[in-house]
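Colleague: Structure provided below as structure tokens; questions to follow.
The values are calculated or read from the model by the stated rules, or taken from the named source; none is laboratory data. All values derive from a computational prediction rather than experimental measurement. For the accessible areas, the whole protein counts, side chains as well, though only heavy atoms, and no ligand, DNA or RNA atoms are used. Shrake-Rupley method; radii C 1.70, N 1.55, O 1.52, S 1.80 Å.
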Amino acid sequence: MQAVCKSHESFGDEAGLLPRLLGANWYRLHPAVRARFAREPEKPVLYKGVMEVVHCSSAGWLFAQLTRLIGNPLAAHRGCNIAMQVLLTQRDGGGVWWQRTYGFARPFTVISAKRENAKGQLCEYVGMGFGMRLGVFAKDGALHFISERYFWEVAGIQIPLPHWLSPGQTHVIHTDLGGGDFRFTISMDHHQLGRTFYQTGLFREVTP
């Protein structure tokens, strides 16, 4: 999910992983997007918003059940206008931890960590060493993340998982809307099963 607002002075210079990965394309991002992702937050950052759409297909629901053993990385829910909060923190080991809490009748929380692997690639980790390697690019001022490969990491070695075993290619878009607001959209598309997950919503920073 997505990143900070404020005027982001706390992020200081642009010495984070994303500026390094994007290179000159970093400056194709909207300035507010750059401010949110310039570097890891030094203090917890809190966002609140509303997920206008939360949807999963029948196949997506099954993937969500199967992945409960590795930390509930997928939401097996459907709904509209669901309140949501996202907390960004740092922990030992580096990277940024994302805690996303959906305000369903029974709240549902997803926790993951974005950090670089030994090769300097951006990865998102869930539980028990499972995760996905991410590509990142800028388009029309928005920041895009695309999953390149799902893996199981053991002793620092990433073992690729077959594409058919995944919920599909993940595509995350962070679009600034001005005035401190931004849109977060995530979709997952499986080669054989079609779209398994789709969520989109509006957020802003509410860090005290």
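Colleague: What are the ³J(HN,Hα) couplings of segment 75-90, residue after residue, when phi is run through the Karplus curve with 6.51, -1.76, 1.60 and θ = phi - 60°? Round to Hz, x for glycine and proline.
Modeller: Result, ordered by residue: 8, 8, 9, 9, x, 10, 6, 9, 4, 8, 10, 10, 10, 9, 9, 10 Hz.
Colleague: Give me the extension gain from Asn25 to Arg106: residue separation times 0.36 nm, minus the current Cα-Cα distance, reported in nm with one decimal.
Modeller: Details: separation 81, 0.36 × 81 = 29.16 nm, distance 4.11 nm.
Computed gain between Asn25 and Arg106 is 25.0 nm.
Colleague: Here is a further query. Using the Karplus curve 6.51 cos²θ - 1.76 cosθ + 1.60 with θ = phi - 60°, work out ³J(HN,Hα) for each residue of segment 163-179 in order, rounded to whole Hz, and write x for Gly and Pro.
Modeller: For segment 163-179, the Karplus curve yields 4, 5, 7, 9, x, x, 5, 8, 10, 10, 10, 10, 10, 7, 10, x, x Hz.
Colleague: Then there is this: Using the Karplus equation 6.51 cos²θ - 1.76 cosθ + 1.60 (θ = phi - 60°), what ³J(HN,Hα) coupling, rounded to whole Hz, does each residue of segment 181-188 give in order, writing x for Gly and Pro?
Modeller: Karplus-based 3J(HN,Hα) across segment 181-188 equals 9, 8, 9, 10, 10, 9, 9, 10 Hz.
Colleague: Does segment 105-208 come out rounded, prolate or oblate, given a ≥ b ≥ c as the square roots of the eigenvalues of its C-alpha gyration tensor, rounded meaning a/c under 1.5 and, failing that, prolate meaning a/b above b/c?
Modeller: prolate
Colleague: How large, in percent, is the carbon and sulfur part of the accessible surface of segment 30-77 at a probe radius of 1.4 Å?
Modeller: Answer for segment 30-77 is 61 percent, counting heavy atoms of protein chains only.
Colleague: If I compute solvent accessible area with a 1.4 Å probe over the protein chains, what percent of it on segment 90-202 is carbon and sulfur?
Modeller: Percent of accessible area from carbon and sulfur atoms in segment 90-202: 57.
Colleague: Just need the relative contact order of segment 52-204 here, percent rounded to a whole number, with Cα pairs under 8 Å and 6+ apart.
Modeller: Over segment 52-204, the number comes to 18 percent.
Colleague: With Rg and Dmax of the Cα atoms in Å defined as stated, name the option among [x] 16.2, 45; [y] 21.1, 83; [z] 18.1, 60 computed from the structure displayed.
Modeller: [x]
Colleague: Around Arg149, which amide H atoms from residues at least 5 apart in sequence, or from another chain, sit under 5 Å from its own amide H, with H modelled in the peptide plane?
Modeller: So Arg149 has HN proximity to Arg133.
Colleague: Can you give the accessible area per residue of segment 42-194, in Å², using a 1.4 Å probe?
Modeller: I get 52 Å² per residue for this part.
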